[in-house]
Amino acid sequence: MTTALDTAHALCRTEYLFHTHSDVFPRRRDLMEWLLGLTNADQPVVGYEMSPRPDTNGWRNVVSHTCTMLHMPTIRRIGATWSFERYWESGDAKPQGCGYPDTEQPFDRCLRKAGVYPYLIGHDANRVRFVDKNIDHVRSLSGLRQHNHDSELHRQCETNLARALKEAKARAETWRKETTQGRHAMGGPEK
């Protein structure tokens, strides 16, 4: 995962980069516009806090890649990466088990060394469907598909995904109709 995130950073040719999970669905139509309005050179990292991990507080105040907007000129300037290799080679990182450290710790270390503190817009959860005003996140499905595909939790996640997709499609259809009606009311062409 960290390699994919760093590859996205390397290939990004825009001022802003949005990170998300494949199981996150927007609940507000203006999610990107809202995030872009919060993110800038003075506040280059905006997103959700990493989900809790047992037996550590190292996840607290750490931005995840669940729904995160980055100001890329700042990220490049400070040399922030998600690289686990860089993290392990620092000598300060110690494996603790139970999903910690995770993808977010290397990036967080780079941010903090540069004096950059993320603006956290919410707090995610593990092993449940997380829904707030911004997103619908079907938690843990990808990992369960790899490691625990024959469990009750996996079956619940599959059910949650089906519901989340159905609701996301309904929202998208509503948004599409609102856009079409708005164009029609203003005398513009329908698409």
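The values are calculated or read from the model by the stated rules, or taken from the named source; none is laboratory data. Given the structure is predicted, the values throughout are model-derived calculations rather than measurements. Using ideal geometry, Cβ is built from the backbone for each residue, glycine included, and neighbour counts are taken over all protein chains shown.
What the table below lists for this structure:
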item	result
Options T56, T68, T74: the member that is hydroxyl-bearing (S, T, Y), surrounded by fewer than 21 Cβ atoms within 10 Å (Cβ to Cβ) and modelled with pLDDT of 95 or more	T74
Residue pairs meeting the criteria (Cβ under 6 Å; at least 6 apart or on separate chains; first farther than 10 Å from M69 by Cβ, in the stretch 25-36; second in a helix (DSSP H, G or I))	F25/A164; F25/A168; R29/W175
Contacts under 8 angstrom Cβ, first residue in the stretch 120-138 being aromatic (F, W, Y), partner crowded, with 18+ Cβ neighbours inside 10 Å, 6 or more apart	F130/D124; F130/D136; F130/H137; F130/R139
Hits in the stretch 25-47 - residues which are of a type outside the set (A, V, I, L, M, F, W, C) and under 13 Å from E15 (Cβ atoms)	T39, N40, P44
Answer from Y48, Y100 - the residue that is under 21 Å from V128 (Cβ atoms), touching a strand residue (DSSP E or B) at 6+ places or on another chain (Cβ under 9 Å) and aromatic (F, W, Y)	Y48
Matching option when the condition is closer than 15 Å to V116 by Cβ and among the small types (G, A, S), among G79, G58	G79
